[in-house]
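Written out below as structure tokens is the structure these notes cover.
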Amino acid sequence: MIARFWPMFRKEFIQMGRDRLTLGIMIGMPVAQLLLFGFAIQTEVRNLPTVVVDESRTPESRDLIAAFENTGNFRIVAHVDDRPALDRAIARGDAQAGIIVPYDYPRALARGPSATVQVIVDAADPLSSQSAIAAASGVAQARTLAIASRAAGAAAPRVEARVRPRYNPGLRSPTYIVPGLVGVILTLTLVLVTSMAIVRERERGTLEQLIVTPITKTELMLGKIAPYVGVGLIQMTGVLVLGRYVFDVPLTGNVLLLYAIALIFVVASLALGLFISTLVRTQQQAIQVSFFFVLPNILLSGFMFPRQAMPVIFQWVGALLPLTHFLKVLRGILLKGVGFDELWREVAVLTAFSLGLVVLAVRRFHKTLD
């Protein structure tokens, strides 16, 4: 038995060594998972980008703002002049929290019984907003205790933080997850399907027929992805309809704008799958490489975990994923009702991804069998 087992054992090792792509994925996948889960996935959100409207502009108000920043939960990124500017910053995604100190804050501290500060939180992401809400309440309590200690037993005013969760006031997880599922499902299905496009032709022996035709490489690549564009938009429609009527996910923005940007993302996903198809030799390899790409998309794009909690290097890696930018579009239009003026940067990035990946796939493909 050992005499027959050993040659088969040796053969499998030799065959495994020849399939270097599969071997590399088998070894690299656990390492990638360890690094991603160990370093990138953090549930405690810190340094939330915050804009401030300081209507008082007094030492007392500056002291209060410093107390918010010293918690480590709020990172002041801008001081704006009025509340509409604060609203625009949160709608664009430039900030996820806003602090408004009213003009009469020092007088309220002096007269009592309470002085209020308003904190607006982008609650589209419940995980981030819960940390901000808790931190705001903690700041108010700490300031109240500090004032009481200085009052030396006399009646002291109370600092009150009035927190307003915006876009998802009930902090419902489906409101946050379902829009993200649109992008994740499109990425999973479209990249996987088109990653097998060229290798399927090679394995079936039909690639020779394509090679001898007068069709150009660009026409061949575009012809490969064109049929799946409609499929992707139909998938998106199904998820949006179910999300609206089953999970009560709001649809507050322009639907036509959403579909126009989704079309760009669909092309980018299909082109990425086609590029993968030009790198591999078998459908099995295409599936392995596709899933190797899917893991960072789910973990680093902001679909499940807040990107603000990740180390900077992983935030940069996430910025290189088309899904990261499409999720911002989805949640911006569906939950916040923002328009093109707030999303033009994401549109530009997705357009660059689409054109770049199509060009890479065309240049990588050769109308030869070797």
Can you find a residue that is among the aliphatic types (A, V, I, L, M), in contact with a Ser or Thr (Cβ under 8 Å, 6 or more places away or on another chain) and modelled with pLDDT under 80 anywhere in the stretch 329-339? no
Condition check: within 12 Å of the chain's Cα centre (by Cα) and either more than 24 Å from residue 276 (Cβ to Cβ) or of a type in the set (Phe, Trp, Tyr) (or both). Does residue 336 satisfy that? no
The residue that is surrounded by the most Cβ atoms within 10 Å (Cβ to Cβ), considering only those in the stretch 247-257 that are farther than 16 Å from residue 345 by Cβ and among the aliphatic types (A, V, I, L, M), is 249
Need the failing condition index for residue 312 against (1) under 18 Å from the mean Cα position of the chain (by Cα); (2) under 26 Å from residue 174 (Cα atoms); (3) open to solvent by 60 Å² or more (accessible area, probe 1.4 Å), just the number. (2)
Quick one: would you say residue 45 is in a strand (DSSP E or B), closer than 30 Å to residue 298 by Cα, open to solvent by less than 10 Å² (accessible area, probe 1.4 Å) and among the β-branched types (Val, Ile, Thr)? no
Would you list the strands (runs of 3 or more DSSP E) that sit entirely within the stretch 57-171 and hold 1 or more residues that are among the acidic types (Asp, Glu), open to solvent by 40 Å² or more (accessible area, probe 1.4 Å) and at negative phi? 158-166
Can you work out which of the residues in the stretch 177-199 that are of a type in the set (Val, Ile, Thr) and within 25 Å of residue 306 (Cα to Cα) is surrounded by the most Cβ atoms within 10 Å (Cβ to Cβ)? 187
Filter result (among the hydrophobic types (A, V, I, L, M, F, W, C), modelled with pLDDT of 85 or more and in contact with a helix residue (DSSP H, G or I) (Cβ under 6 Å, 6 or more places away or on another chain)) within the stretch 118-156: 119, 121, 123, 124, 139
I'm trying to understand the selection: among the residues of the stretch 256-283, which are closer than 21 Å to residue 336 by Cβ and touching a residue at least 60 places away in the same chain (Cβ under 8 Å)? 257, 258, 261, 262, 264, 265
For the stretch 315-342, which residues satisfy the criterion of being among the hydrophobic types (A, V, I, L, M, F, W, C), surrounded by fewer than 22 Cβ atoms within 10 Å (Cβ to Cβ) and in a helix (DSSP H, G or I)? 316, 317, 319, 340
Residue under question is residue 286, and the condition is that it be free of Cβ contacts under 8 Å to residues at least 40 places away in the same chain and either open to solvent by 20 Å² or more (accessible area, probe 1.4 Å) or more than 12 Å from the chain's Cα centre (by Cα) (or both); does it hold? no
When residue 260 is evaluated against the numbered criteria (1) more than 20 Å from the chain's Cα centre (by Cα); (2) among the small types (Gly, Ala, Ser); (3) surrounded by fewer than 19 Cβ atoms within 10 Å (Cβ to Cβ), which criterion, by number, is the only one it fails? (1)
Here the residues within the stretch 225-243 that are of a type outside the set (Val, Ile, Thr) and either surrounded by fewer than 18 Cβ atoms within 10 Å (Cβ to Cβ) or within 15 Å of residue 189 (Cα to Cα) (or both) are 226, 227, 228, 230, 232, 233, 235, 236, 238, 242
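The values are calculated or read from the model by the stated rules, or taken from the named source; none is laboratory data. What you see is a predicted model; the values in this text were computed from it and never measured. Heads up, the Cβs are rebuilt from the backbone with ideal geometry, glycines too, and the neighbour counts pull from every protein chain shown. Keep in mind that these areas ignore ligands, DNA and RNA; they rest on the heavy atoms of the full protein, side chains included. Shrake-Rupley method; radii C 1.70, N 1.55, O 1.52, S 1.80 Å.
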